[in-house]
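Notes follow once the structure below has been shown.
The values are calculated or read from the model by the stated rules, or taken from the named source; none is laboratory data. In this text, all values refer to a predicted model and were calculated from it rather than measured experimentally. We place every Cβ from the backbone using ideal geometry, glycine too, and count neighbours over all the protein chains shown.
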Amino acid sequence: MSEKNTKQDKNNLMEKIVSLCKRRGFVFQGSEIYGGLAGFYDYGHYGLAFANNIKNSWWKKFVDSRRDMYGINSSIIFNPKVWEASGHVTGFLGTTTDGKKFNEMFKTQVGVGEDALVAYLRPETAQGMFVNFKNTVDAFHPKLPFGMAQIGKAFRNEIAPRDFIFREREFEQMEIEYFVRAEDWEKYFEYWRSEMLSWMEDIGLDMTKVHELEVGDGDRAHYSKRTIDFEFDFPFGRKELYGLAYRTDFDLKNHKLDHIDEEKSEKIIPHVIEPSMGVDRSVLALLLSAYTEEVKDGETRPYLKLKPNIAPVICAVSPLLKNKPELVEYANTKVYAPLKAEFGRVAWDDNGNIGKRYRRQDEIGTPFCIVVDFDTLSDDTVTVRDRDTGEQERIKVKDLKNYIKERIN
Ligand code: GAP
């Protein structure tokens with residue numbers, strides 16, 4: 001294949017993903033009816049479910065299943081002194097094409113008139129953890145090493161927002177600040193590197209497209225002594241997906257915070273390892289990892305090969321014909337309602353013929369489509385169609401819950 005063709009295919013792939021996102025209710029351009037606003041996007045019902053599943057999987061692995069992690073949900077606007085101490089007022093600069101420097105933080109105003117305070121929308125969730133370090137220590141008395149975790153919005157006045165939800169001006173981050181003794185930083189840097197890789201596999205990223213880049217001197221953020229970028233082969237190039245940084249004691253020191261090491265009875269400033277991951281880039285990289293086209297009998301079937309724990313919908317329920325009340329009644333009360341109560345992420349789909357419904361659910365990434373037909377009325381079995389193979393099985397209605405549970409595990 002020529003280089004030109006390859007480039008064309010990659011552009012096509014991005015176009016396909018963007019149009020699938022709109023068509024199937026994942027991601028819409030922000031303020032679309034007014035012509036949009038560069039760098040802002042809105043998540044529709046399925047995109048939201050998808051992003052929530054990613055965030056839940058992250059929280060479960062890095063917070064709920066651990067004993068050493070403390071969650072926080074800090075405000076987005078802080079006292080501006082936070083950003084002076086963190087170095088962002090002087091150091092968080094973007095360079096324009098004509099070489100001018102400007103600060104990437106969005107400015108806003110708190111209060112009115114002459115007393116109004118110039119404040120900023122946070123450009124990273126990280127500082128929300130540093131400014132709550134003392135509160136967390138006083139409330140929970142953790143011993144080193146321990147971490148703080150936050151999922152939330154961040155805002156950057158990016159000079160060139162581009163590539164759909166890859167580079168936005170409003171986005172979401174999942175960040176951990178892990179506090180360690182200075183002498184232990186290398187050990188925990190390696191530990192978090194492998195934890196990050198293991199979560200990437202858990203959610204179903206195409207690991208052949210993930211690469212590590214040791215970020216050189218001069219290219220790292222102002223607070224970092226070592227950074228590894230986890231890059232992903234996006235259709236528009238190999239770009240940063242996530243970052244892992246050794247922030248030293250830079251932030252706690254600048255906020256004049258310290259910690260009493262109970263074991264050694266001494267005051268120390270812990271050092272920080274920071275795994276930082278974007279929700280929106282996870283969404284995009286997962287869509288690109290999962291997008292598959294199967295060509296059969298001259299027809300192309302696009303589908304999202306998402307893991308069931310991440311897919312927006314676990315199963316869709318359809319009456320074969322929507323104008324047959326006995327099928328609709330059965331499907332609704334005996335199949336949809338109990339599955340919905342069990343799994344939550346269950347769709348009711350009676351729009352168009354069965355072929356169209358399968359096509360739609362394939363593009364949403366729904367692992368199982370369940371159809372109630374005339375046989376169901378006499379033998380209490382339904383058809384369950386597998387998204388990846390297209391194969392269908394007849395399953396007893398009373399066994400459906402367990403069947404799905406077994407299949408998703
Ligand atoms: N606290 C460290 C920090 O913010 P970063 O590398 O600037 O580090 C961390 O950002 C992650 O946030 C990135 O790896 C990426 O996943 C996501 N991210 C950063 N800027 C973004 C943007 N403009 N649009 C979407 N995601 C972004």
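Data overview
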quantity: Residues of the stretch 125-147 classified as in a helix (DSSP H, G or I) and of a type in the set (S, T, N, Q), total; calculated: 3
quantity: Subset of the stretch 295-313 that is surrounded by 14 or more Cβ atoms within 10 Å (Cβ to Cβ) and β-branched (Val, Ile, Thr) - its residue that is farthest from the chain's Cα centre (by Cα); calculated: 313
quantity: Residues of the stretch 150-182 classified as farther than 16 Å from residue 252 by Cα and either hydrophobic (A, V, I, L, M, F, W, C) or touching a Phe, Trp or Tyr at 6+ places or on another chain (Cβ under 9 Å) (or both), total; calculated: 19
quantity: Close pairs from the stretch 60-80: first within 25 Å of residue 123 (Cα to Cα), partner assigned to a strand (DSSP E or B) and among the polar types (S, T, N, Q), Cβ under 6 Å, at least 6 apart; calculated: 72/150
quantity: Some residue of the stretch 314-322 being β-branched (Val, Ile, Thr) and either under 31 Å from the mean Cα position of the chain (by Cα) or within 19 Å of residue 25 (Cα to Cα) (or both); calculated: yes
quantity: Selected residue (only one of 230, 189, 236 is over 19 Å from the mean Cα position of the chain (by Cα) and under 26 Å from residue 86 (Cα atoms)); calculated: 189
quantity: From the options 165, 176, residue that is within 16 Å of the ligand (Cβ to nearest atom) and either more than 18 Å from the chain's Cα centre (by Cα) or in a strand (DSSP E or B) (or both); calculated: 176
quantity: Selected residue (only one of 210, 295, 279 is within 10 Å of the ligand (Cβ to nearest atom) and of a type in the set (Val, Ile, Thr)); calculated: 279
quantity: Test: residue in the stretch 316-334 that is part of a strand (DSSP E or B), of a type in the set (A, V, I, L, M, F, W, C) and within 16 Å of residue 384 (Cα to Cα); calculated: yes
quantity: Hits in the stretch 218-269 (condition: away from the ligand (no atom under 16 Å from the Cβ), assigned to a loop (DSSP other than H, G, I, E, B) and of a type outside the set (Asp, Glu)); calculated: 235, 256, 257, 264, 265, 269
quantity: Selection count where residues are assigned to a helix (DSSP H, G or I) and buried (at least 16 other Cβ atoms within 10 Å of the Cβ), scope the stretch 341-358; calculated: 4
quantity: Residue identified as modelled with pLDDT of 95 or more, of a type in the set (Val, Ile, Thr) and surrounded by 23 or more Cβ atoms within 10 Å (Cβ to Cβ) among 292, 366; calculated: 366
quantity: Output for the stretch 179-207, where each listed residue is more than 21 Å from residue 290 (Cβ to Cβ) and either within 13 Å of the ligand (Cβ to nearest atom) or surrounded by 19 or more Cβ atoms within 10 Å (Cβ to Cβ) (or both); calculated: 179, 180, 185, 188, 189, 192
